[in-house]
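Written out below as structure tokens is the structure these notes cover.
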Amino acid sequence: MRTPLSSVRGRGTAKFGTEDYWIQRVTAVAMVPLTVVFILAVICVVGAPYARAHAVLASPFVAIPFAAMVIAGVLHMRIGMQVIIEDYTPSDAWKILFVLLNNFFSALVALAMLWAVAKLSFGM
């Protein structure tokens with residue numbers, strides 16, 4: 001059912017939205033064990049010499065969860081910011097611009113963080 005106000009504004013059901021909702025929930029749940037691995041890895045290298053810290057962080061048992069945490073965290077961040085932008089930006093033009101900037105910023109952050117994990121992992 002459409003309300004008269006939505007008819008006037010030209011807005012109705014968007015036919016999407018539940019996908020972002022579920023992705024955000026899944027990434028939130030996934031980040032719980034990944035955060036535990038992250039904290040344990042950091043605790044293991046605090047105060048350790050460089051060679052030991054590099055060996056721990058270059059291990060696939062640490063590098064793979066780090067990369068997974070980067071992906072889950074950036075997806076979670078992108079969706080959360082998009083919801084904020086869509087809810088609190090009144091102008092459609094500004095909304096489109098901010099969503100595009102959010103997507104580009106999220107991609108840039110993900111690439112930079114994955115590059116750092118790869119560089120640390122492969123010893124580049």
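Observations, loosely collected:
- Rounded to the nearest 20, the size of the Cβ-charge dipole of the chain about its Cα centre is 100 debye, with Lys and Arg at +1 and Asp and Glu at -1.
- For the chain, the longest site-free run once trypsin sites (Lys or Arg not before Pro) in DSSP loop states with at most 11 other Cβ atoms within 10 Å are removed: 16-124
- Order of 105, 61 under a 10 Å beta carbon neighbour criterion, fewest first: 61, 105
- Formal net charge of residues neighbouring residue 95 (Cβ-Cβ distance under 12 Å; K, R +1; D, E -1): -3
- Interatomic Cα distance distribution for the chain, bins of 10 angstrom, percent: 12, 31, 27, 16, 9, 4, 1
Laboratory data are not the source of any read-out in this text; all were calculated from the coordinates shown. The shown structure was predicted, so the numbers you read here are calculated from the model rather than taken from an experiment. For neighbour counting, all protein chains shown are included, and Cβ atoms are generated from backbone atoms with ideal geometry for every residue, glycine included.
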